[in-house]
1. Scan the helices (runs of 4 or more DSSP H) fully inside region A:223-308 and keep the ones with 3 or more residues being surrounded by 23 or more Cβ atoms within 10 Å (Cβ to Cβ) and out of contact with any Ser or Thr (no Cβ under 9 Å at 6 or more places or on another chain).
2. Taking A:Val296 as meeting all but one of (1) more than 14 Å from every other protein chain (Cβ to nearest Cβ); (2) touching a residue at least 40 places away in the same chain (Cβ under 8 Å); (3) more than 15 Å from A:Phe228 (Cβ to Cβ), write down the number of the exception.
3. So A:Thr21 ticks every box in (1) modelled with pLDDT of 95 or more; (2) buried (at least 20 other Cβ atoms within 10 Å of the Cβ) but one. Which box is left unticked?
4. With the structure loaded, tell me whether A:Asp121 is at pLDDT 95 or above and either touching a Ser or Thr at 6+ places or on another chain (Cβ under 7 Å) or within 27 Å of B:Arg64 (Cα to Cα) (or both) or whether it fails that test.
5. Looking at (1) modelled with pLDDT of 90 or more; (2) on the phi > 0 side of the Ramachandran plot, which one does B:Gly81 not meet, given that it meets all the others?
6. Going residue by residue through region B:93-116, is there one that turns out to be within 16 Å of B:Thr165 (Cα to Cα), within 23 Å of the chain's Cα centre (by Cα) and either among the polar types (S, T, N, Q) or open to solvent by less than 30 Å² (accessible area, probe 1.4 Å) (or both)?
7. Given (1) free of Cβ contacts under 8 Å to residues at least 60 places away in the same chain; (2) touching an Asp or Glu at 6+ places or on another chain (Cβ under 9 Å); (3) open to solvent by less than 20 Å² (accessible area, probe 1.4 Å), identify the lone condition not met by A:Ala399.
8. Within region B:244-254, does at least one residue satisfy the condition of being touching a Gly at 6+ places or on another chain (Cβ under 8 Å), open to solvent by 30 Å² or more (accessible area, probe 1.4 Å) and not assigned by TED's automatic domain parsing to the domain that holds B:His322?
Amino acid sequence: MLAREVLQELIQVLGAENVLTEQEDLLTYAYDATAAMKHHKPDVVVSPLSTEQVAEVVKIAVRHNIPIYPRGSGTNLSGGTIPTKGGMVLSMLNLNKILEIDQDNLTATVQPGVIIQALNDEVLKLGLLYPPDPGTVTTATMGGSLSECSGGLRGLKYGVTKHYIMGLQIVLANGEVIRWGGKTVKNVTGYDLVALFTGAEGTLGIVTEIIVKLIPSPEARKSILAVFDDVDKAGKAIASIIRNKIIPATLEIMDNVTIQTVEHFVHAGLPLDAEAVLLIEVDGYKEVVEREAVLVEQILKDEQAVEVKIAKDDKERDLLWLARRSALPALAQKRPTTVLEDATVPRSKIPDMLKAIRRIADKHNLNIATFGHAGDGNLHPTILTDERDQDEMKRVHLAVDEIFQTAISLGGTLSGEHGIGIAKMKYLDWEFGEAGVAALRRIKEALDPNYLLNPGKIVRRD
Amino acid sequence: MSVYNSLDSITEELHKCMKCGNCMAVCPIYKETRQEVGVARGKISLVEYLLSGEIEMTERLADRFSLCTTCMACNTNCPCGVRFDKIILAARAEAVRKKGLHPVKKIAFTALKMQRMFDFGMKTGSLFQGVALKHVPHKSDRIARMRFDIGIGTDKVFPMLASKTLRSEFPEVVKVKNPKMRVAFFTGCMINYFYTDIGKSVVEVLKENDIEVVIPKGQGCCGIPASVNGDVASASALAKRNLRAFEKLGADALVVACSSGGTAWKHVFGELLENDPEFKALADKWAGKSYDISEFLIHKVPFKKQGLGRVDRKVTYHDPCHLNRGQGINKEPREILKSIPGVTLIEMKEPGRCCGMAGSFSLVHPDLSVQISDRKTADIELTHTDTVATGCPACRLQLKSGVENAGIEEEVLHTIQILAESYRAGKKN
């Protein structure tokens with residue numbers, strides 16, 4: 001419980017309607033979209049309306065030593081917004097304005113509470129695109145997406161969130177406000193704090209304004225489905241497409257378990273006996289797209305795809321992508337708990353990773369389906385389980401450990417796009433070593449010496 | 001086990017929710033408040049804490065459960081197929097079992113059960129409504145605003161009570177020359193007391209199609225206002241009364257022109273009465289032959305196209321939540337509109353977005369209701385039409401209030417009124 005005095009200070013700054021204190025409200029900020037996580041009730045939820053208010057709130061928190069948990073829509077998958085130490089949830093959802101779309105500099109300036117899709121709806125009217133598209137585009141905020149450095153289906157050709165963040169306004173842990181970066185393509189003034197704060201999961205500062213890069217929206221696109229009777233062949237096909245200097249916007253894979261589940265769910269015509277399918281989309285100028293589609297089709301056939309199908313029209317295209325988008329929800333319905341990981345490897349190691357996951361599933365007697373962004377090496381091994389079954393959960397944790405070990409040993413990383421949060425904190429030294437973790441800690445302590453910003457995430461306080 | 005009888009009935013629905021938050025993309029309340037408790041995920045969590053014993057049912061919790069228009073947009077957008085409408089109804093019924101009904105609602109629902117008193121009250125109200133309501137001059141609708149604030153503001157535009165109720169204007173059996181069918185008409189309260197013009201159009205169109213219309217005098221409120229607020233006892237009593245009244249007169253089919261009434265006859269009566277074998281059987285029997293009027297005229301007895309006269313209207317159609325998502329009816333009204341000579345149908349941006357009326361929701365949360373309505377009004381204005389058609393009298397009230405307060409010249413009508421108008425125009429030629 002917070003002292004009455006603290007609440008009064010908060011109400012003075014924000015108004016009573018933007019300070020929630022009743023447990024029936026607080027409990028709805030005790031969780032996020034991460035499965036099998038313990039929930040934690042915050043002591044207060046505040047919703048500032050301006051950068052100045054954020055700064056004031058931070059100063060109050062500093063004076064009374066209250067942890068601050070910044071939160072957008074709470075759709076992350078790493079426990080990143082769970083207020084593990086109570087304190088204050090700082091909801092950024094009322095800072096939800098698109099401040100400017102600059103067609104000459106190809107930038108947009110937005111507040112952190114803007115929903116990604118809302119930005120894309122606006123820029124599309126001008127023939128522009130903000131490419132990062134995590135599965136949660138219609139719900140996730142720009143601030144949350146920046147803080148988790150989310151990726152999505154277009155990573156292979158267009159990169160991920162960090163490639164589109166040009167400038168930030170940040171409230172620091174002492175309540176001071178700074179601006180970094182801007183609309184210029186080139187900027188080497190000082191350390192690159194824009195890069196540092198992107199993906200920092202709200203542990204270093206609170207982002208209150210974001211300048212992002214926009215690109216011209218591609219004129220045309222074409223989707224292709226390829227069916228394989230062998231995971232290795234699918235893996236070789238992925239490498240072969242890239243080696244032939246074609247960079248599809250999207251190159252997705254689904255394994256047999258995923259195919260079977262998805263097909264029963266949406267009836268998209270996926271072959272149930274396939275070992276893997278690849279879903280590919282090329283985009284760009286109409287002429288280029290036509291040519292690339294033909295080339296991709298030929299490569300897939302050369303790599304012994306059992307079947308290659310190019311979507312004839314929007315309806316066929318939509319059905320293919322519906323199948324892909326339904327992967328997670330379809331899998332989620334099979335068992336009560338869905339543990340979704342995002343271990344990532346260099347794309348050449350995809351077949352090794354897929355086979356390792358299959359071995360791990362057999363070894364621990366678990367149901368693991370794998371799908372994901374094959375083109376950028378980002379797989380989503382998805383463990384279907386039940387958190388009420390303690391014995392099975394033990395095996396789940398062992399399997400997760402082994403998946404991460406495998407990813408790192410293949411030259412990959414713990415997390416491609418979901419972030420570390422609470423979920424993967426304990427694995428950090430596997431990837432960085434003790435010295436690396438210590439370096440992380442020194443950065444955290446330089447910017448937030450009292451561990452007030454999203455404490456308990458990424459860096460453990462010792 | 002139905003959602004009205006036990007909270008345990010929804011544990012499976014709760015398990016399905018993986019907290020992804022996709023409901024945030026479509027929830028009309030959350031779009032306004034941006035508070036987690038407004039959206040399905042938030043309230044699902046609260047029900048989970050309630051079931052696990054972490055919290056108890058309190059009045060404050062019941063307040064949170066009132067934050068839902070039951071528009072079912074979240075159901076449609078849920079990747080895991082969670083039926084949140086079931087969850088919220090079960091939570092509200094549990095709140096009433098544990099904490100009792102809000103005193104104002106208790107009085108209101110009791111009145112609904114006492115048909116004669118209610119009728120008397122409404123008739124007296126029709127004479128004396130001028131005391132509280134100030135008539136707003138309008139060419140086609142009899143509408144008014146509150147003269148003083150009773151807690152819902154004075155901006156809201158209401159329909160005036162009809163001087164004669166619909167059911168008193170017709171005999172119990174409206175005969176036609178060579179009837180091809182005998183159809184019972186469940187009027188619902190809003191059409192009986194306020195929008196008698198909709199009811200008259202229903203009778204007119206059915207007669208035009210050689211259908212004998214039965215309007216049982218013994219019918220009453222559908223009980224939906226009670227059941228969505230957790231007052232299961234009142235809702236069950238009303239369900240039985242209606243079933244008795246219609247069973248007494250009998251009919252080949254039953255039609256409604258109100259999305260709540262349709263939901264009641266098709267789904268809710270059976271669920272409420274599941275533990276009463278005799279009435280359950282009756283409810284199922286009538287559920288099987290209940291139709292929304294547009295559904296009836298497209299699928300059951302295709303309406304006569306000859307004799308349709310020209311009606312010059314630019315129309316946009318608003319999908320009532322309980323007709324569209326609740327009963328899967330959205331093509332039928334459009335098909336009727338498109339077949340009327342002279343009618344141009346121009347779609348608005350999100351025709352299926354909730355108008356924010358949601359019955360008593362608009363009384364409990366008047367500001368929120370108006371905020372949601374304002375978005376709908378803005379979408380309507382962009383269509384540059386002269387008429388909004390819809391399939392539900394409650395939506396009509398809300399839409400009318402919205403366009404009137406925005407100063408937009410727009411008539412708001414039930415689809416069936418435009419069809420009746422067309423038959424009338426056909427006769428003139």
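The values are calculated or read from the model by the stated rules, or taken from the named source; none is laboratory data. What you see is a predicted model; the values in this text were computed from it and never measured. So basically every Cβ, Gly included, is an ideal-geometry build from the backbone, and we count neighbours across all protein chains shown. Only protein heavy atoms, including side chains, enter the accessible area calculation; ligands, DNA and RNA are left aside. Shrake-Rupley method; radii C 1.70, N 1.55, O 1.52, S 1.80 Å.
1. A:231-243
2. Here A:Val296 meets the rest and fails (3).
3. For A:Thr21, the failing item is (2).
4. Against the criterion (at pLDDT 95 or above and either touching a Ser or Thr at 6+ places or on another chain (Cβ under 7 Å) or within 27 Å of B:Arg64 (Cα to Cα) (or both)), A:Asp121 does not qualify.
5. (1)
6. For region B:93-116, residues within 16 Å of B:Thr165 (Cα to Cα), within 23 Å of the chain's Cα centre (by Cα) and either among the polar types (S, T, N, Q) or open to solvent by less than 30 Å² (accessible area, probe 1.4 Å) (or both): present.
7. With respect to (1) free of Cβ contacts under 8 Å to residues at least 60 places away in the same chain; (2) touching an Asp or Glu at 6+ places or on another chain (Cβ under 9 Å); (3) open to solvent by less than 20 Å² (accessible area, probe 1.4 Å), A:Ala399 is out only on (2).
8. At the first step, the residues of region B:244-254 found to be touching a Gly at 6+ places or on another chain (Cβ under 8 Å) are B:244-245, B:248.
Filter once more, keeping what is open to solvent by 30 Å² or more (accessible area, probe 1.4 Å): B:244, B:248.
Subsequent filtering for residues that are not assigned by TED's automatic domain parsing to the domain that holds B:His322 retains B:244, B:248.
Yes: one or more hits.
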